[in-house]
Amino acid sequence: MTDQAQLLSLLADINEPPFPDTPLLAAGHWLLIALAALGLAMLSYHLWRRWQQQAAKRQAWREFQRLDPQDELLATQLNQLLKRLLKSYWPSHPLLSAGTADWQQHWQQCLPADVRLPDLSVLLYQAPSQHSVADRQQLYHAARLYLQAFNATKLSPTLSSGGQHV
């Protein structure tokens with residue numbers, strides 16, 4: 001048998017390579033990170049575009065909040081505001097040149113069933129002294145609900161009949 005000291009002299013030290021300072025990722029991990037970054041970029045772009053598309057609605061809401069519900073010219077101001085909002089999303093929508101009846105019908109369809117819109121032809125084309133305060137307040141409430149529910153992507157450019165222009 002060989003001497004134990006002789007065997008120990010034949011042993012060499014084991015030299016391990018140094019560990020890297022940063023962990024190395026496999027190719028699959030890099031792919032997952034790239035896909036996650038791409039998904040985040042697409043989501044950010046989608047949210048930014050949606051925010052941009054809602055700019056006209058936000059502006060209309062700010063203008064609506066500045067209106068006085070007691071003002072005698074409220075009906076005209078609301079009519080112009082809502083028409084401008086519609087025009088900003090659909091510049092050639094038939095409602096922009098439609099009669100009062102079509103405009104009232106469209107507006108009423110956008111409101112909940114329990115909310116009735118006062119007669120727009122009376123509010124728009126008769127002297128303000130003939131309007132009741134209740135009608136103006138009801139119109140103001142209906143305009144608030146219309147603005148809250150306004151969705152430009154769900155507008156249909158169809159009309160039922162002609163009539164007096166608004």
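The values are calculated or read from the model by the stated rules, or taken from the named source; none is laboratory data. Values in this document were obtained by computation on a predicted structure and should not be read as measured data. Cβ: placed from backbone, ideal geometry, glycine included. Neighbour counts: every protein chain shown. Only protein heavy atoms, including side chains, enter the accessible area calculation; ligands, DNA and RNA are left aside. Shrake-Rupley method; radii C 1.70, N 1.55, O 1.52, S 1.80 Å.
Ordered from highest to lowest accessible area with the whole protein assembly present and a 1.4 Å probe, 133, 122 read as 133, 122. Judged by the gyration tensor of its Cα atoms, with axes a ≥ b ≥ c, the chain is prolate; a/c meets the 1.5 cut and a/b is the larger of a/b and b/c.
The C-alpha atoms of the chain define a longest principal axis, and helix 74-89 lies at about 40 degrees to it.
Between the helical axis of 100-109 and the longest alpha-carbon principal axis of the chain there is an angle of about 40 degrees.
Looking at the range 6-78, the accessible area is 88 square angstrom per residue; that uses a 1.4 Å probe and ignores ligands, DNA and RNA.
Peptides 12-18, 108-114, 90-96 ranked from most to least packed by the mean count of surrounding Cβ atoms within 10 Å: 90-96, 108-114, 12-18. In the chain, the DSSP-assigned H stretches of four residues or longer account for a calculated mean residue ellipticity at 222 nm of -18500 deg cm²/dmol, using -39500 (n - 2.57) per stretch and the full residue count as denominator.
Remark on residue 99: its backbone amide H falls under 5 Å from those of 163, a criterion applied only to residues 5 or more positions apart or on other chains, H modelled at 1.01 Å from N. What part of the accessible area of the chain, given as a whole %, is carbon or sulfur when the probe is 1.4 angstrom? Ligands and nucleic acids excluded, carbon and sulfur reach 60 percent.
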